[in-house]
Each structure stands twice: as structure tokens, then as C-alpha cells.
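S.K.: This is the structure I have questions about; it appears just below.
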Amino acid sequence: MNNSAVLLIPYFNNSEGLLRSLRSIDADEEIDVIIVDDGSVTDKFDEAVVRSNFKARGIILFEYLKSNKGIETALNSGLKISIEKKYKYIARLDCGDSCLGKRFAVQKAFLEENPEVKIVGSNVLAVDTNGHFLYSINLPLEDRNIKKKMYLNSMLIHPAVMFCSEILDSVSLYPLDHKFAEDYAFFFTISRKYKMANMEEYLTQIEINANGISLKKRKQQVKSRITIIKKHFYFGFYPIYGLLRNYVLLFLPYNLILSIKKIRK
């Protein structure tokens, strides 16, 4: 193992997005990469091409699932490898999303300087599939505010996080019973046990893709969020408001939500 940090990327039929993501990693970064292919059939990547697009100081490990099992299973396969290889820090990125600046060095330094914090995200820029800016996502930075507002929506952007692998001993892997909201459930479990933070810098750029899970499966995702909120519910402003807000989102068309986000950018 060359580095104490590893980047976990789940893959499914998106070679162009994968290469774009790898090219975005600064050449001075020290980071290994685990790519888990979730049973791709129509767009398989070439390992040699993938390696040639990765300029950072680290190695790439490949894992292939025999059939498409879903992102939760792919992520858990990657986490198991990370544990086996004894990586101290695990970061996330999705195919098509990009790293900004020396993201991993910045997040790793933050976790080392703030040992009470076990997971850190960042503010995020959102673009369309042509790279055109859509809106920015500005998140609460401190643990207390993150945990309160988790009842509204996830206050950590999944492809923008890095966390300490030690938490997996008590948090375990991504849950399989919250379809399309595995990250939200995972973060909620972490929030019950550890301190969280976001960095003010924009360290990740996410791609809003009409074919992505967040849009194609939006209603199922919101239903899963509602289930998670109910699981952690207590009588207070944020849990009550969060439930009402998500019930409203369940029936709003996404184009309207996107228009509101653009107005607020």
C-alpha cells in the first residue's frame, strides 16, 4: 500500500465519466484508487486506458462484480478492500464528478488537525453534462448545524467526503435497506456516534445527469429519506420540518426544484 488514503469510485457503464474524474485529480496528490465495476456490460473500461488517465501518485485497484448488484453493494465491496488494505482514510467520488484543487491533501490535513472529526465534506459546485455551471451547494460547516439540518436533507455531499476508516468498526458498511439513499442512512448513523464537518472551499464539482440515480429514481430516493428521518425522529423543529419538506418534495417535479436551485445560486 503506497498511501494512507484511498479513493473509492463505483462504476457502471460510464467510461467517459470515469476518465474525466481521474483526470481531475491533481498530479501532486498522494492517493490510491479502488474502482468497483458493478457488472457493466454495455460500456466496459480498459484498465490500461484508465491507468494512463491517472496522473496522481498512487495505484489503482480494480474489483469486478459478476452482475449488477446496485451501488450499495459496489460501495461495500470497495469498503471491504479498503479495510483489508488498512487504509486510514477513505474518500468518495462518482464517475463524471471532478476534484477541485488538491482536494484529498486538504481534507486529509483537516482530519489530522481535527482528530475529533471523523468525516469531512466540502461545499460543491454543480454543472450539467456539458460542464456548464448550474448552481453551488453551500453546506453548514460545523458539527452541531450539520446534525440539526440532516433532517432536511443530507448535509454531506456523498462524492465530496473523506472519512476515517476506523469508524467502520462501529458504523459498519452502507445499509442495503434504504434504496437510493444509502449515503443519507450511512451519514445519519455516523452522526449518532461521531463529529462531522464541511470545509468552506469548493473541493468537488458534481455532474447533474438526467440518467443518474438522483433524477431517475428521485421519488424512491425521497421515500427512503422519509423512512430514515422517521427512524431517527424526535419531536423538534428540524425533524418535523424535515418530514414535511420531504413529503412536499415527493410530489414536486424535478424541473421546478432545479429552477429554484438556479435562482438561489
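S.K.: How big is the dipole moment of region 62-143 about its Cα centre under a simple scheme where the beta carbon of each Lys and Arg is +1, that of each Asp and Glu is -1, and everything else is neutral? Debye, nearest 20, please.
M.R.: 440 debye
S.K.: If you don't mind, another one. If a/c stays under 1.5 just call it rounded; otherwise compare a/b with b/c (prolate if a/b is bigger, oblate if not). Do that for region 104-239, with a ≥ b ≥ c from the square roots of the Cα gyration tensor eigenvalues.
M.R.: Taking the square roots of the gyration eigenvalues as a ≥ b ≥ c, region 104-239 is oblate.
S.K.: Name the shape class, rounded, prolate or oblate, that the alpha-carbon gyration tensor gives for region 44-106, where a ≥ b ≥ c are the square roots of its eigenvalues, rounded holds for a/c under 1.5, and otherwise prolate holds if a/b is larger than b/c and oblate otherwise.
M.R.: Oblate, since a/c reaches 1.5 and b/c is not below a/b.
S.K.: If you don't mind, another one. Could you list, bin by bin from short to long, the percent of Cα-Cα pairs of the chain in 5 Å steps?
M.R.: 1, 6, 13, 18, 21, 19, 13, 7, 3, 1, 0
S.K.: Please give the length that would be gained between Lys217 and Leu250 if that part of the chain were fully extended, namely 0.36 nm times their separation in residues minus their C-alpha to C-alpha distance (nm, one decimal).
M.R.: 10.8 nm
S.K.: If you stretched the chain out fully between Phe62 and Val41, how much longer would it get, using 0.36 nm times the residue separation minus the C-alpha to C-alpha distance?
M.R.: Numbers: separation 21, 0.36 × 21 = 7.56 nm, distance 1.59 nm.
Stretched fully, the Phe62-Val41 segment lengthens by 6.0 nm.
S.K.: Follow-up. Can you give me the % of accessible surface on region 105-220 that is carbon or sulfur? Probe 1.4 Å, all protein chains present, nothing else counted. Mind showing how you got there, number by number?
M.R.: Numbers: 2430 of 5100 Å².
With neighbouring chains kept in place, the figure for region 105-220 is 48 percent.
S.K.: Take the solvent-accessible surface of the protein heavy atoms, probe 1.4 Å, and return the percent of it on region 1-59 that carbon and sulfur atoms account for.
M.R.: Carbon plus sulfur share of accessible area: 46 percent.
S.K.: Once a ≥ b ≥ c are taken as the square roots of the eigenvalues of the Cα gyration tensor of region 46-178, is the result rounded (a/c under 1.5), prolate (a/b larger than b/c) or oblate (a/b not larger than b/c)? Each step should come with its number before you reach the end.
M.R.: Numbers: a/c = 1.37, a/b = 1.16, b/c = 1.18.
Verdict is rounded for region 46-178.
S.K.: Sticking with this structure for a sec: Cross-link partners among lysines for Lys108, C-alpha distance below 29 Å, same-chain residues fewer than 8 apart left out?
M.R.: Lys55, Lys80, Lys85, Lys86, Lys88, Lys118, Lys147, Lys148, Lys149, Lys193, Lys195, Lys265
S.K.: Nearest 20 debye, what's the magnitude of the dipole of the chain about its Cα centre given +1 on Lys and Arg Cβ and -1 on Asp and Glu Cβ? Numbers along the way, then the final one.
M.R.: Values: 38 positive and 30 negative charges, 245 e Å.
That gives the chain a dipole magnitude of about 1180 debye.
S.K.: While we're on this one: Accessible area per residue for region 1-117 in Å², computed with a 1.4 Å probe and the full protein assembly in place, what is it? Mind dumping the intermediate values first?
M.R.: Values: 5220 Å² over 117 residues.
Ligands and nucleic acids excluded, the figure is 45 Å² per residue.
S.K.: With every protein chain left in place and a probe of 1.4 Å, what is the accessible surface of Thr73, to the nearest 10 Å²?
M.R.: About 40 Å², rounded to the nearest 10.
S.K.: Among the GluC sites (Glu not before Pro) in region 87-116, which ones are in a DSSP loop with at most 11 other Cβ atoms within 10 Å of the Cβ? Mind listing them?
M.R.: Glu116
S.K.: Restricting to the chain, compute how many DSSP beta bridges are antiparallel as a %, nearest 5.
M.R.: Antiparallel bridges: around 30 percent, rounded to the nearest 5.
S.K.: Using only Cα atoms, tell me the angle between helix 103-113 and the longest principal axis of the chain; keep it within 0 to 90° and round to the nearest 10.
M.R.: On a 0 to 90 degree scale, this one is about 70.
S.K.: Right, here's the next one. Measure off 7 Å from each Cα along the Cα-to-Cβ vector at Arg192 and Leu168, then give the distance between these two points in nanometres to one decimal.
M.R.: Taking the two extended label points, one gets 2.0 nm.
S.K.: Another question, then. Expressed as a whole number of Å, what is the distance separating the alpha-carbon centroids of region 135-169 and region 27-45?
M.R.: 24 Å
S.K.: Name the long-range amide H neighbours of Thr204: under 5 Å, sequence gap of 5 or more, or other chain; modelled H, no Pro or chain starts.
M.R.: Result for Thr204 returns Leu100, Leu125.
S.K.: Of the options Ala185, Phe54, Leu152, report the single residue whose Cα projects farthest towards the positive end of the charge dipole of the chain (beta-carbon charges: Lys, Arg +1; Asp, Glu -1).
M.R.: Leu152
S.K.: Taking R0 as 25 Å, what's the FRET efficiency between Lys85 and Asn138 from their Cβ-Cβ distance, rounded to 0.05?
M.R.: Computed FRET efficiency for Lys85 and Asn138: 0.15.
S.K.: Mind putting a number on the dipole of region 159-204 about its Cα centre? Charges go on the C-beta only, +1 for Lys and Arg and -1 for Asp and Glu, and I need it in Debye to the nearest 20.
M.R.: Magnitude of the dipole: close to 180 debye.
The values are calculated or read from the model by the stated rules, or taken from the named source; none is laboratory data. Remember, it's a predicted structure, so these values are computed and weren't measured experimentally. With ideal geometry, Cβ positions are generated from the backbone for all residues, glycine too; neighbour counts draw on all protein chains shown. Remember, those area values only see protein heavy atoms, side chains included, never the ligands or the DNA or RNA. Shrake-Rupley method; radii C 1.70, N 1.55, O 1.52, S 1.80 Å.
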